[in-house]
Each structure stands twice: as C-alpha cells, then as structure tokens.
Amino acid sequence: METAEKILTNAKMPFCPGCGHGVCVRSVSKSLELLGYGPKDVALVSDIGCSGLVDPLFATHTIHGLHGRAPALGVGVALGLNDPNKKVVVIQGDGGATIGLQHILEAARRNIDMTLVVINNLLYGMTGGQMSGLSTNEFKAYKHSDDDAEPYDVVNLAHQSGAAFSVRVNDISNFTNILKEAISTPGFSLVELSSLCTSHGMKKISEMEDFMVAEETFKNKRPVGVSLIRDTCSLLDNFKVLEPRFISTIKDSIGVVIAGSAGGGIQSAATMLAQAGMLSGLHATMKGEYPITVGTGFSVAEVILSKKPINFTGLEKPNVVIAVTDDGWNKVKNRISENSKVYVDEKISTDNLFETKEFLKVGGKKGAILCAIAHWIKESEVFPLEALLKVVEDSKYATALQNAIKSADEL
C-alpha cells in the first residue's frame with residue numbers, strides 16, 4: 001500500500017441538503033484512510049441513481065456501472081487484481097441492490113474479495129420516491145404504497161449465499177468502524193447503511209427509526225474466492241497479421257458509412273473493407289450498429305481508413321455513404337453532408353438527388369453491398385480492387401464473395 005492520502009477529492013457533494021449519502025461517502029473514505037489505503041490502492045465501482053453521483057468525489061480509480069450491475073463489475077475487477085494490498089469497493093443504493101440482486105448473491109456465493117456498500121434510503125430517490133425491494137412494510141404503509149410484497153433482507157440473503165461478513169448499520173456514529181471491519185475482512189463483505197432522503201422520505205434520522213430494519217451482523221468463515229490462473233495464449237495469436245502489399249492513394253483519411261438490411265452482409269463487408277485498407281498500408285477502424293432484433297431491420301457500419309493513426313473513431317460527417325436498401329438508407333440519409341459522395345441502389349427513393357446504381361440486381365441480396373463497395377473503390381481508386389479480392393480469398397465463401405466484387409464490372 002502507498003502512504004495514506006486523502007481518498008476524497010475537493011469536489012462539492014452533489015446530494016440534496018440533508019441527504020444521508022454524504023455521511024456514507026465520508027465514512028467510506030475515512031475507513032479506507034484509517035486502514036492505510038491510498039487513492040491508487042482502491043478501485044471504486046458506482047451504480048446508477050443518487051449513489052451513482054459519487055464518482056467525482058473519490059480520488060481513487062472509479063468505474064461507473066449500469067443500474068444494479070455494479071457488483072458484477074466489482075467481481076471482475078477483484079478477480080483481475082487478485083491482490084490483497086488493493087481493495088475493490090462497490091457503492092449502490094437500495095434500488096440498484098434490488099435490480100441487480102443476483103449479482104450480489106453471486107459475489108457472496110463465490111466470496112469475492114470486495115466490499116459492497118448498500119446505501120438504503122428505502123426508496124428510489126432520483127426518480128421520484130418510488131418504493132424499492134428493500135423498502136420496509138412500515139415505510140410503504142407510511143407512503144401509502146400499493147406494494148404489499150415482503151421486502152428483501154439483503155444482509156441475510158448475502159449471509160445465506162456465503163458472504164464472509166454482512167451487516168446492517170443504522171447508527172451513523174458506527175458507520176466508519178463497521179466499514180473498517182468489513183473492508184479488512186478477506187472475502188465478500190456487504191454493509192447496508194441507513195440513509196435519509198429528505199426530498200421523498202424523512203427530514204431527520206430519528207423520524208426514520210420506526211421504519212428501519214433492526215441492525216444485524218453475520219459472518220461466515222470461508223476461503224476467499226479467486227480466479228483460476230490458466231496458461232493460455234493471447235487471443236491476438238489467432239489473428240492473421242495483415243502485412244501491407246498494396247498502395248493507397250489516400251493522403252489523409254476517409255470515413256465510409258455502409259448501410260443495408262439485416263442478412264445483407266453489411267457488417268462482414270465493412271470488416272473486409274477495413275482489412276483491404278490495412279493490406280494497402282492504411283490504419284483502419286470498423287464499428288457496426290443494428291437493432292436488438294438482429295435478424296430484421298437496418299444494419300449500418302462505419303469504416304475509417306487513414307494514413308495516420310486513428311485516435312477517435314467517431315464519424316459525424318462521412319466522406320462516403322453507401323446504401324443498398326431502404327432500411328439502411330432511412331437510417332443514414334440524415335448524416336449526408338454537402339461533401340459526402342453518395343452511392344445508393346436504384347430501388348431506393350432519393351427524390352432524384354443522387355445517382356443510383358443496380359447494386360441489388362447485379363450483386364444479389366447477399367452480394368449487393370460488396371458490389372457497391374467494389375464500385376466505389378474502382379471509381380475513387382483509393383487502393384487497388386485486388387486488395388479487397390485478397391481479403392476474401394481464404395473465406396469458405398470465397399467464390400461467392402469474389403463474384404460479388406467482380407459484379408461491379410457490370411454496372
């Protein structure tokens with residue numbers, strides 16, 4: 001560990017006046033400092049909600065997770081670290097604990113060396129005071145909630161799942177001491193801290209006492225869960241190195257948007273274009289976008305080809321837009337600028353604003369996009385068409401892909 005330094009930054013607390021989250025944050029930082037942890041010794045993972053506002057408050061490594069998923073991220077960090085001199089601390093609210101309960105149980109089951117701090121103000125504070133899975137029946141009655149289901153006891157659940165240490169603390173004066181014990185306990189520890197929501201709950205902690213669950217502490221003597229160390233090769237070892245063998249005429253960089261429909265080979269064609277650029281001595285990036293249905297709707301990909309290293313993969317104003325179906329065209333047509341070179345299939349209605357080609361007729365449904373890309377390469381001469389043909393020659397569909405590329409000669 002490094003010499004103890006301040007865990008908190010000088011950032012102003014972002015919480016509402018009187019909110020109990022500030023007390024919890026200060027208690028977490030104080031306990032870490034008293035244990036001798038410095039900012040570089042701690043990886044802090046936050047959740048969504050009011051508890052998710054803590055990131056800029058900590059001078060440690062910080063990771064911001066999805067709602068309820070912070071414990072899962074913490075597990076990954078802890079297993080990757082596998083270092084008793086470092087500490088993973090996860091902070092989430094009662095809403096996040098409800099939404100991602102399985103992640104908590106899994107961390108407890110495996111007894112991962114991390115501490116989860118659940119700040120429980122008995123409600124969803126950021127979205128208007130709705131009840132959570134940790135809201136007590138008494139509090140729900142006070143709020144006139146229709147939810148009559150029994151609340152979770154996350155402390156007991158963590159214990160039953162195998163947590164080394166799980167505790168509920170209502171007394172603010174005990175927060176720091178209990179957190180010290182939890183953080184110094186090898187394995188998974190969960191600390192539920194009672195917190196005030198002055199906007200939707202109570203104004204004083206004394207007013208909240210009748211709605212709290214009693215304090216309780218559980219311990220399990222178990223070995224700490226660790227990741228199995230396996231002697232494996234790098235995933236990159238399975239990739240074929242693309243050594244430049246062609247020459248490109250690109251002086252700076254070109255951004256290409258490729259659009260079509262699901263099942264039309266858009267993503268694979270974009271990958272081939274990027275690889276052809278690499279074979280031509282260029283730096284290349286490729287990223288795709290498609291709906292969650294995957295098998296229907298649009299499919300769009302962005303490819304950047306550059307003479308220099310690419311430090312930003314965003315493509316706000318594409319130099320080239322290639323679209324072969326209405327699905328893809330409707331997704332990308334608003335991205336076209338006055339400097340964009342546009343290639344669209346003849347079946348797409350463009351109000352005669354752009355020249356169209358028979359990509360689908362010539363290349364077929366599966367080969368239309370490669371036909372269109374080949375047409376652009378030939379017309380622009382960004383690099384030899386042989387580079388694209390070289391990319392596909394080892395594919396099990398090599399003949400069909402080569403035919404699609406060569407079909408551009410018929411346009």
Please report, ordered by residue number, the helices (runs of 4 or more DSSP H) entirely within region 73-168 with at least 2 residues that are under 13 Å from PHE188 (Cα atoms). 101-110, 154-161
Inside region 395-411, can you point out the residues that are outside any helix (DSSP H, G or I) and without any contact (Cβ under 8 Å) to a residue 40 or more places away in the chain? SER395, LYS396, TYR397
Being over 28 Å from the mean Cα position of the chain (by Cα), part of a loop (DSSP other than H, G, I, E, B) and of a type in the set (D, E, K, R) is the filter here; which residues of region 1-52 pass it? GLU2, GLU5, LYS6
Residues satisfying the stated conditions in region 316-334, i.e. surrounded by fewer than 17 Cβ atoms within 10 Å (Cβ to Cβ) and either outside the structural domain of ASP252 (by TED's automatic domain parsing) or more than 16 Å from TYR290 (Cα to Cα) (or both): GLU316, LYS317, ASN334
Between ASP94, ASP113, which is of a type in the set (Asp, Glu), touching a strand residue (DSSP E or B) at 6+ places or on another chain (Cβ under 8 Å), under 23 Å from LEU57 (Cβ atoms) and at pLDDT 95 or above? ASP94
Just checking, does region 195-203 include any residue being assigned to a loop (DSSP other than H, G, I, E, B) and among the basic types (Lys, Arg)? yes
List the residue pairs whose Cβ atoms are under 8 Å apart, where the first residue sits in region 365-391 and is assigned by TED's automatic domain parsing to the domain that holds ALA276, the second is of a type in the set (Asp, Glu) and buried (at least 24 other Cβ atoms within 10 Å of the Cβ), and the two are 6 or more positions apart or on different chains. ALA368/ASP345; ALA372/ASP345
Filtering region 151-172 for residues that are under 17 Å from ASN121 (Cα atoms) and either exposed (fewer than 15 other Cβ atoms within 10 Å of the Cβ) or among the hydrophobic types (A, V, I, L, M, F, W, C) (or both) leaves a count of 6
Residue under evaluation ILE119, criteria (1) within 26 Å of the chain's Cα centre (by Cα); (2) among the β-branched types (Val, Ile, Thr); (3) surrounded by fewer than 22 Cβ atoms within 10 Å (Cβ to Cβ), criterion not met: (3)
Name the pairs whose Cβ atoms lie under 9 Å apart, with the first residue in region 300-311 and under 9 Å from THR285 (Cβ atoms), the second surrounded by fewer than 13 Cβ atoms within 10 Å (Cβ to Cβ) and of a type in the set (S, T, N, Q), and 6 or more positions between them or separate chains? GLU302/THR313; ILE304/THR313
Just to verify a result, which residue in region 72-91, among those that are surrounded by fewer than 22 Cβ atoms within 10 Å (Cβ to Cβ) and of a type in the set (Gly, Ala, Ser), is modelled with the lowest pLDDT? GLY80
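The values are calculated or read from the model by the stated rules, or taken from the named source; none is laboratory data. For clarity, every value in this text was computed on a predicted model and none was experimentally measured. Heads up, the Cβs are rebuilt from the backbone with ideal geometry, glycines too, and the neighbour counts pull from every protein chain shown.
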